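Down below is the structure, laid out as structure tokens.
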Amino acid sequence: MSKLIHKDVLRIKKMKILLVHNDYGKYSGEEAVVDKMAGMLAEMGHKVAQLRMTTAGARESISGKIKGFVSGIYCPSGVRAMREAIEREKPDVVNVHNLYPFISPAALRECKKAGVPVVMTIHNFRLICPTGLFMRDGRPCEHCLEKGNEWGCIKYNCEHSALKSIGYAARNAVARLRHHYIDCVDVFACITDFQRNKLIEAGYPKEKILVIPNSMDVSETVETSPGNYVAFSGRISREKGVDMIIEVARRHPEIPFKLAGAVRDKELIENLPDNVELMGHLSGYDFEQFNINAKFFMMASRCYEGFPMAILEAARYNKPMIAPDHGGFTEIIGKGYDKIGLLFKPNDTGALERAVVGLWNDPDKINSLGALAHQKLINKYSTSVIANSWNELFKNINSYE
């Protein structure tokens with residue numbers, strides 16, 4: 001029996017579940033969550049089949065970009081692949097993740113025709129925002145949600161490419177007007193309450209929207225250390241607020257900073273201060289040591305984000321997180337007696353600086369917040385807890401139809 005899945009979860013009725021996901025051009029956190037989902041379901045005793053497409057290489061040519069534009073609206077091969085997967089695998093449930101561009105929302109109709117219930121995991125805000133980020137010009141933007149349509153994406157050229165902005169707006173508009181999601185998805189599984197509330201605000205039926213957070217494997221005891229630097233893990237980009245992190249480092253040469261992740265915006269790493277070290281993309285043992293030897297972590301994302309897994313990674317090693325007070329960050333970190341980090345005013349470098357310097361100089365607070373972070377991970381976000389939530393959903397799926 002698995003050490004991560006509780007024995008009561010393993011006793012549940014076994015089902016066959018078809019995971020559906022269009023991989024992005026580069027391996028992302030969303031792919032990691034899908035892969036973990038597949039492993040968790042298999043560990044619970046379910047049979048798992050997968051329908052996977054990929055965007056890798058598709059945007060490197062004009063013809064590929066045009067194909068992606070058209071396919072996001074309706075992709076015949078994606079619809080056919082869904083139909084064939086249902087006929088071949090005969091799943092009890094279809095768990096959909098990302099459908100763009102080479103599966104397309106139209107493929108959900110095949111599930112409806114076959115009478116197979118659909119659970120859609122909501123990783124971002126793509127159902128109500130063409131870019132999926134709720135961000136424009138480096139700030140949160142809910143224009144399309146407020147207006148009830150997608151024209152803002154074109155008007156403000158949110159993708160910084162006319163073709164992409166039009167394509168993203170068009171595919172969202174078609175899916176909305178044809179009711180692909182409303183008609184064909186039985187349960188929307190959001191990863192935060194913040195997401196759930198935004199879907200309800202957009203008109204999605206609240207009785208069909210649940211919250212099941214992302215999860216992480218965790219044990220009661222873990223190797224850790226006091227740490228000797230402030231850490232960041234994620235893409236080195238402006239949307240992640242890395243320019244703000246670097247500015248805080250520049251103001252405080254006495255504090256060492258280490259940034260792990262692929263560089264997206266190269267201009268950010270020009271003339272780095274001496275106390276900032278770029279670690280590149282880390283995995284396996286190197287990533288584990290990076291987490292263990294950090295004093296605490298920080299994020300400064302300008303956008304809401306979905307469910308930042310870096311918070312759970314930090315908590316796994318008894319490390320608190322400093323993050324902006326918006327989106328999912330607020331509810332994951334918390335504000336009460338059991339908060340697991342510090343929140344600062346979004347897009348405010350001064351507020352971020354005060355949080356970093358204050359925590360750096362307070363080792364007792366670092367220890368207490370880190371201990372609370374690890375305990376919250378065990379109680380609320382551990383694999384065993386989240387596996388039970390998925391089990392309850394699948395067990396009662398027919399009640400949502």
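The values are calculated or read from the model by the stated rules, or taken from the named source; none is laboratory data. Since the model is a prediction, treat every value here as computed from it, not as a measurement. Reconstructed Cβ throughout: ideal geometry from the backbone, glycine too, with neighbour counts over all protein chains shown. Accessible surface areas use protein heavy atoms only, side chains included; no ligands, DNA or RNA. Shrake-Rupley method; radii C 1.70, N 1.55, O 1.52, S 1.80 Å.
For helix 162-177, report the angle its Cα long axis makes with the longest principal axis of the Cα atoms of the chain; keep it between 0 and 90° and round to the nearest 10°. Here the helix axis deviates by roughly 60 degrees. Probing with 1.4 Å while keeping every protein chain in the model, the per residue accessible area of the chain equals 44 Å². For region 261-358, a crude dipole built from +1 on the beta carbon of Lys and Arg and -1 on the beta carbon of Asp and Glu, taken about the Cα centre, is about 300 debye to the nearest 20.
Scalar couplings 3J(HN,Hα) for region 313-322, obtained by applying the Karplus form with A = 6.51, B = -1.76, C = 1.60 to θ = phi - 60°, are 4, 5, 4, 4, 10, 6, 10, x, 10, 9 Hz; x denotes Gly and Pro. Shape of the chain from the C-alpha gyration tensor: oblate (a/c of 1.5 or more and a/b not above b/c, with a ≥ b ≥ c the square roots of its eigenvalues).
Each Lys and Arg contributes +1 and each Asp and Glu -1, all at the Cβ; summed about the Cα centre of region 112-196, the dipole is approximately 240 debye. FRET efficiency for the pair ALA162 and ILE200, taken as 1/(1 + (r/R0)^6) with r the Cβ-Cβ distance and R0 = 35 Å, rounds to 0.60. When ARG109, ARG126 are compared by accessible area at a 1.4 angstrom probe, the order from most to least is ARG109, ARG126.
Based on Cα contacts under 8 Å between residues 6+ apart, region 55-208 shows a relative contact order of 24 percent.
Along region 181-197 the Karplus relation, 6.51 cos²θ - 1.76 cosθ + 1.60 evaluated at θ = phi - 60°, assigns HN-Hα couplings of 6, 4, 6, 10, 9, 7, 9, 9, 9, 7, 9, 8, 5, 4, 4, 4, 5 Hz to successive residues, with x for each Gly and Pro. For LYS339, put the label point 7 Å out on the Cα→Cβ axis and report which residues of region 354-391 keep their amide N under 18 Å from it. Hits in region 354-391 for LYS339 at 18 Å: 354-377.
Between the residues LEU312, MET299, ALA371, the greatest Cα displacement towards the positive end of the dipole of region 242-401, with unit charges on the Cβ of Lys, Arg, Asp and Glu, is found for ALA371. Listed peptides 345-356, 321-332 appear in the order 321-332, 345-356 once ranked by packing, highest mean of other Cβ atoms within 10 Å at the front.
When the Cα gyration tensor is reduced to axis lengths a ≥ b ≥ c, the ratio a/c is 1.5 or higher for region 156-279, and with a/b not above b/c it is classed as oblate. The accessible surface of the chain, taken with every protein chain in place and a 1.4 Å probe, is 50 percent carbon and sulfur.
Can you give the direction-averaged projected area of the convex hull of the alpha-carbon atoms in region 66-133, in nm²?
Approximately 4.6 nm², given one-decimal rounding.
For the chain, adding -39500 (n - 2.57) for each run of n ≥ 4 DSSP H residues and dividing by the number of residues yields -12000 deg cm²/dmol at 222 nm. What the phi angles of region 257-273 give under the Karplus curve with 6.51, -1.76 and 1.60, with θ = phi - 60°, is a coupling list of 10, 10, 10, 10, x, 6, 7, 9, 10, 5, 5, 5, 9, 6, 6, 5, x Hz, glycine and proline written as x.
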